[in-house]
Amino acid sequence: PSDLPGFGEGDFIVQDPAQALLGRFADLPEGSVVYDACAAPGGKTIALGRQAKAVVAGEVSRARASRLAENVRRAGSGRERVIVADARRPPIRQAEVVLVDAPCLGTGTFARHPDARWRVTPEALGSLARIQSELLDRTAALVPPGGLLVYSTCSLEPEENGDQVQRFLAGNPDFSREPTNAIPPDLLSSDGDLMVLPHRHDMDGAFAARLRRSP
């Protein structure tokens, strides 16, 4: 795609439609300060930067952060700041909107990466679920009263999606699901979460939940 007209000028980015939906599902209040906790490769960061006042884009891997910074320089709005940081030790104190696009098994992307299925084991699922829980718990502390926490994965596994949200809400009664009308109903679960299914929607699988902290 780097050879296509407009790529170098930042006129477009390359990502699966399911990932592009996440920015719409987040449904940011205009002018928000956003912390994108697991930001690489940057498509979400760039989309959020077009709506937000500022986006702090964190990535724990230096190599991935370098790729993120390159994409932001090419196609960003200038409101994004890239930092190398582990979201389990948040580098900021507060953000009106926090996005946690958590590391996961990636089962929603198997149509494009069929070899990845051989890496799926109960041990891998358990390890990732623990990381996801820790990310949610640590980043929730950054969300002020009335703020928004968006949790997402590219997984189809309940243990990484709805089960994580239920566990989090059970331990954090000041948060609750907040549905949005920004996404067609066919892409939403009965709980109002984003639920993209490859066999139904002809794109990568994805999950996301909007969790609002009470004022």
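Rule-based calculations on the coordinates, nothing more; no lab input. Nothing here was measured: the structure is a model prediction, and the numbers come from that model. As a convention, Cβ positions derive from the backbone with ideal geometry for all residues, glycine included, and neighbour counts pool all protein chains shown.
Taking Kirkwood radius over Cα pairs in Å as calculated from this structure, the corresponding entry among (1) 16.9; (2) 21.8; (3) 17.4 is (3). Under the convention that each Lys and Arg Cβ holds +1 and each Asp and Glu Cβ holds -1, the size of the dipole of the chain around its Cα centre is about 620 debye.
Across region 17-213, the mean sequence separation of Cα contacts (distance under 8 Å, 6 or more residues apart), normalised by length, yields a relative contact order of 22 percent.
Compared with the direct C-alpha span, the chain from Ser189 to Gln166 gains 6.9 nm at full extension, assuming 0.36 nm per residue.
Per-residue extension of 0.36 nm, minus the Cα-Cα distance of Asp3 and His113, leaves a gain of 37.2 nm for this segment. On full extension, the segment bounded by Ser214 and Ser176 gains 12.9 nm, given 0.36 nm per residue less the C-alpha separation. Comparing Cα centroids, region 37-110 and region 163-212 end up 20 angstrom apart.
DSSP assigns beta bridges within the chain; of those with both partners inside it, close to 45 percent run antiparallel.
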